[in-house]
Amino acid sequence: MKYISSRWIGSNRGDLLSRYGVLSALNKYDFSDILVVCKDTSHIPPGYPTFANGSLYNLFLPLTNLRAFLRAKIALYIAGLDLQDDSSLVKLIHVYLVFLSYRALGLKIFVLMQGAGPITTRWGKIMTRMILNSIETIIVRDSKSLELLESLNSKAKLIQGYDGILAGEFGGIIPDDESAEVSGYISKAPTQPLIGFNLRRWFHFGSSVLPYQFSQNKYAQRSQERMAEFVLASTKYIKMLREQLNARVVLISMYEPGPDPWEDDLPLLQEVKAQAAFVDDEDVVVADYPFSLLGFCSLISKLDLMVGTRLHSTLTALRFNVPAINLNYTLKGRAIFNDLGFSNLVVELNDFIEDPFPTYEMTIKVLDGDPSRLMVADKIEKIIAENEKILLQAFQAGGKEG
């Protein structure tokens, strides 16, 4: 195999969908000679050979993987947002060590549809510049990430593109059981709006030297007060949707059921559902079925509106022409929505927590057609074409030289 896609991705549906889009687009343009290191073959488009993940987030690979790396020429690091120091410097160190191992094996490194920021500490900037200097080409997914990385004056070739979910195709056969579950979640009266809602445990309320998965209790304690306020604001917002619009609200996690409980959205969604106002309300439902990626996309595509904290809850909606409101907690959300032409659909998370009513007013405007599904479809179709063109040109310029 000439290419190896080896970034470790666990159960985060956003990262999984971004990688899926990139691999689907590359396959469409005949860059199919790619070995994918992954957790589950259902997470990637059909037709690609795979290896299982290695230890320490693919820092150490099984011997069979190592042999494949020795035969390859280019490592592809696809999707995600690892170039940041607001939660942990260890993540940057890990990325650098992974890239150092690739270079030791003689591989060029292509980073595709990656985000960056915030990077504010001195050591964070030093580590990020070292990472960039080990890379041949990086396609950055938004203008603010590009601006930040350009300020570090590295040797890497920097190109602006869009998120990987805005590329490729997501068609395929959805199993009957998943189609039935989708139908159950979206079952509503003809006049009812169907609104998806996502909230995440915002670990960025506090940071540490260690990543949150190695310091879970400390992160949870630091964020406890603000998360309680976030859940309360979410409850107030959903009550408005129910009482004023008679909306059916589907509470949607951006994590697949199973591992990674320290970051899963599901406990918070269940906490919202357990509120007295919703516990017996059949029109506030938690989508906890273990959907495949395509089944999950089918559910999102049926919504009238998606309101979400996790960026990819809203990007997935836009990808399927569903209007979306992003509850923004870092620069990445606002920057990406600005680049996509949806700057009016961003609400700062702190503002939402203080008063969810303006978000409710924005909801009404969107449900009234500002923007409509057709408007979203028109913008997204053009962006997908542009994103694939950027990806193809980068590979034609550098990938075939490998």
Item checked: Meets criteria (without any contact (Cβ under 8 Å) to a residue 60 or more places away in the chain and either on the phi < 0 side of the Ramachandran plot or outside any helix (DSSP H, G or I) (or both)) for Tyr77 -> no
Next item on the list: For region 76-103, enumerate the residues that are surrounded by fewer than 22 Cβ atoms within 10 Å (Cβ to Cβ) and of a type in the set (A, V, I, L, M, F, W, C).
Entry: Leu81, Leu89, Val90, Ile93, Leu97, Phe99, Leu100
Notebook entry, point to check: Quick one: which of Pro45, Pro49, Pro118 is closer than 23 Å to Lys2 by Cβ and within 19 Å of the chain's Cα centre (by Cα)?
Noted result: Pro45
Margin query: Looking at region 104-118 only, could you name the residues that are surrounded by fewer than 22 Cβ atoms within 10 Å (Cβ to Cβ) and touching a helix residue (DSSP H, G or I) at 6+ places or on another chain (Cβ under 9 Å)?
Written below: Leu105, Gly106, Lys108, Ile109, Pro118
Next item on the list: Determine whether region 180-195 contains at least one residue that is under 21 Å from the mean Cα position of the chain (by Cα), in the same structural domain as Lys239 (by TED's automatic domain parsing), under 30 Å from Val140 (Cα atoms) and at pLDDT 95 or above.
Entry: no
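Conditions tested, residue by residue: (1) without any contact (Cβ under 8 Å) to a residue 12 or more places away in the chain; (2) part of a loop (DSSP other than H, G, I, E, B); (3) not hydrophobic (A, V, I, L, M, F, W, C).
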{"site": "Trp8", "(1), (2), (3)": "no, yes, no"}
{"site": "Tyr20", "(1), (2), (3)": "no, no, yes"}
{"site": "Ser24", "(1), (2), (3)": "no, no, yes"}
{"site": "Ser32", "(1), (2), (3)": "no, yes, yes"}
{"site": "Val37", "(1), (2), (3)": "no, no, no"}
{"site": "Ser42", "(1), (2), (3)": "no, no, yes"}
{"site": "Phe51", "(1), (2), (3)": "no, no, no"}
{"site": "Thr64", "(1), (2), (3)": "no, no, yes"}
Check: In region 1-27, how many are under 18 Å from Ser298 (Cα atoms) and of a type in the set (Phe, Trp, Tyr)?
Finding: 1
Notebook entry, point to check: Just a yes or no: is a residue in region 89-110 in a loop (DSSP other than H, G, I, E, B) and farther than 25 Å from Leu391 by Cβ?
Noted result: no
Item checked: Any chance Gly21 is among the small types (Gly, Ala, Ser) and buried (at least 22 other Cβ atoms within 10 Å of the Cβ) -> yes
Next item on the list: Being within 23 Å of Gln84 (Cβ to Cβ) and of a type in the set (A, V, I, L, M) is the filter here, so list the residues in region 296-317 that pass it.
Entry: Leu311, Leu315
Checklist line | Residue satisfying condition, being at pLDDT 90 or above and surrounded by fewer than 16 Cβ atoms within 10 Å (Cβ to Cβ), within set Glu136, Glu169 | finding: Glu169
Item checked: Ile44 being in contact with a helix residue (DSSP H, G or I) (Cβ under 7 Å, 6 or more places away or on another chain), of a type in the set (Val, Ile, Thr) and over 21 Å from Thr314 (Cβ atoms) -> yes
Check: Condition test on Glu263, is it within 18 Å of the chain's Cα centre (by Cα), over 10 Å from Gly196 (Cβ atoms) and part of a loop (DSSP other than H, G, I, E, B)?
Finding: yes
Next item on the list: Name every residue in region 288-304 that is under 17 Å from Ser11 (Cα atoms) and assigned to a loop (DSSP other than H, G, I, E, B), in order of residue number.
Entry: Asp288, Tyr289, Pro290, Phe291, Ser292
Next item on the list: Looking only at region 355-372, decide whether some residue is closer than 25 Å to Met113 by Cβ, outside the structural domain of Leu107 (by TED's automatic domain parsing) and hydroxyl-bearing (Ser, Thr, Tyr).
Entry: no
Checklist line | Qualifying residue in region 274-287 (condition: under 30 Å from Glu169 (Cα atoms), assigned to a loop (DSSP other than H, G, I, E, B) and in the same structural domain as Tyr360 (by TED's automatic domain parsing)) | finding: no
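The values are calculated or read from the model by the stated rules, or taken from the named source; none is laboratory data. On a predicted model such as this, the values are computed, not experimentally measured, just so you know. Because the Cβ atoms are built from the backbone with ideal geometry, glycine has one as well, and the counts that use them run over all protein chains shown.
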